[in-house]
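Here's the structure, in structure tokens; my notes come after.
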Amino acid sequence: MPATRLASASLAGRRALEKSLSSARSLTGAGALAAAAATLAYAVVAPSSQLFGPTLLAPATPDEIALTFDDGPNPTATPRLLDLLAEHQVRATFFLIGRYTLAQPALARRILAEGHTVGNHSMSHPRLPLCSHTRITAELTDANHAIEDTIAAPVLLFRPPHGFRTPFVLRTARALGLTPTTWNLIANDWSLPTADAITTRVLAGIARNQRRGYASNIVLHDGSQTTPTADRTRTVAATAAILTLQSLAPFVTLDTWL
Ligand SMILES: [Zn+2]
């Protein structure tokens with residue numbers, strides 16, 4: 001994504017936020033305060049928001065698809081996904097939780113060895129905007145050490161847990177050399193009842209992104225923040241279907257968009 005576009009989006013976002021906050025200060029109406037609160041909430045949680053600074057979303061290359069898997073490594077689901085990706089000769093991006101990486105070091109190394117990209121998804125997956133600055137720094141730094149020491153390679157990407165962020169979260173990531181990364185397609189694979197429902201949602205999202213002229217940065221889950229061995233059978237089955245149905249698409253890893 002061009003830096004100038006990110007920079008102007010960020011500047012425009014900051015201006016919008018400042019304007020919103022200043023109108024809340026000058027007007028005592030509940031409506032103005034509600035508008036400012038809504039703007040802040042958008043900046044913290046919306047994956048597409050650039051109000052707190054740029055995040056990597058997806059470039060204007062509508063054919064490209066980036067599969068990303070969060071919350072692993074998971075000793076059951078991750079190896080099955082790796083087998084599947086190898087079968088289709090597709091590379092993906094895995095955002096690892098630091099403490100799961102320490103529990104599954106061989107699996108983390110396998111992800112990298114098979115050509116996939118590894119990113120930082122914090123040490124223990126908290127809601128970072130609710131954490132102290134000390135805790136935020138520790139969550140990002142400890143995860144980076146855990147992952148880099150395990151895979152013996154630098155980590156370039158950070159995806160905030162739940163996508164929740166603040167200016168301090170983004171600054172801390174950048175100070176560690178990490179590009180903050182969100183997404184433009186989330187499959188809700190943790191809550192959808194069937195693999196077909198996940199597949200349908202992903203394919204519709206890819207088509208929507210293509211109509212808008214953008215690549216797809218797709219979030220799926222090989223793990224779970226609460227359960228290191230979560231059952232991700234449906235996500236694996238949906239991934240198999242997506243890889244078959246989109247077999248001619250150029251699948252890329254997120255670092256190719258840096
Ligand atoms: Zn997560």
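The values are calculated or read from the model by the stated rules, or taken from the named source; none is laboratory data. Note that the coordinates shown come from a computational prediction; the quantities given were computed from them, not determined experimentally. Don't worry about glycine lacking a Cβ; one is built from the backbone with ideal geometry, like all the others, and counts go over all protein chains shown.
Each residue in region 199-227 was checked for being away from the ligand (no atom under 16 Å from the Cβ), within 18 Å of the chain's Cα centre (by Cα) and part of a loop (DSSP other than H, G, I, E, B), and 2 pass. Residues in region 228-245 include none that are outside any helix (DSSP H, G or I), within 16 Å of the ligand (Cβ to nearest atom) and free of Cβ contacts under 8 Å to residues at least 40 places away in the same chain. Taking the criterion of being touching a helix residue (DSSP H, G or I) at 6+ places or on another chain (Cβ under 7 Å), closer than 15 Å to Arg110 by Cα and either of a type in the set (Gly, Ala, Ser) or outside the structural domain of Ser122 (by TED's automatic domain parsing) (or both), the residues of region 49-89 that qualify are Gly72, Ala77.
Quick one: would you say Ala195 is small (Gly, Ala, Ser), in contact (Cβ under 8 Å) with a residue 12 or more places away in the chain and touching a Leu at 6+ places or on another chain (Cβ under 9 Å)? No; evaluated as a whole, the condition is false for this residue. Does any residue of region 89-108 turn out to be away from the ligand (no atom under 16 Å from the Cβ), within 21 Å of Ile242 (Cβ to Cβ) and over 17 Å from the mean Cα position of the chain (by Cα)? Yes, region 89-108 has at least one match.
So that you can scan it fast, the table gives a plain yes or no per residue for (1) in contact with a Ser or Thr (Cβ under 8 Å, 6 or more places away or on another chain); (2) basic (Lys, Arg); (3) within 15 Å of the ligand (Cβ to nearest atom):
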position	(1), (2), (3)
Thr137	yes, no, no
Ala153	no, no, no
Pro160	yes, no, yes
Leu176	yes, no, no
Ile186	no, no, yes
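Selection over region 80-94 of residues that are part of a helix (DSSP H, G or I), surrounded by fewer than 21 Cβ atoms within 10 Å (Cβ to Cβ) and not basic (Lys, Arg) gives a count of 4.
Just one of (1) buried (at least 20 other Cβ atoms within 10 Å of the Cβ); (2) at pLDDT below 95 fails for Thr253. It is (2).
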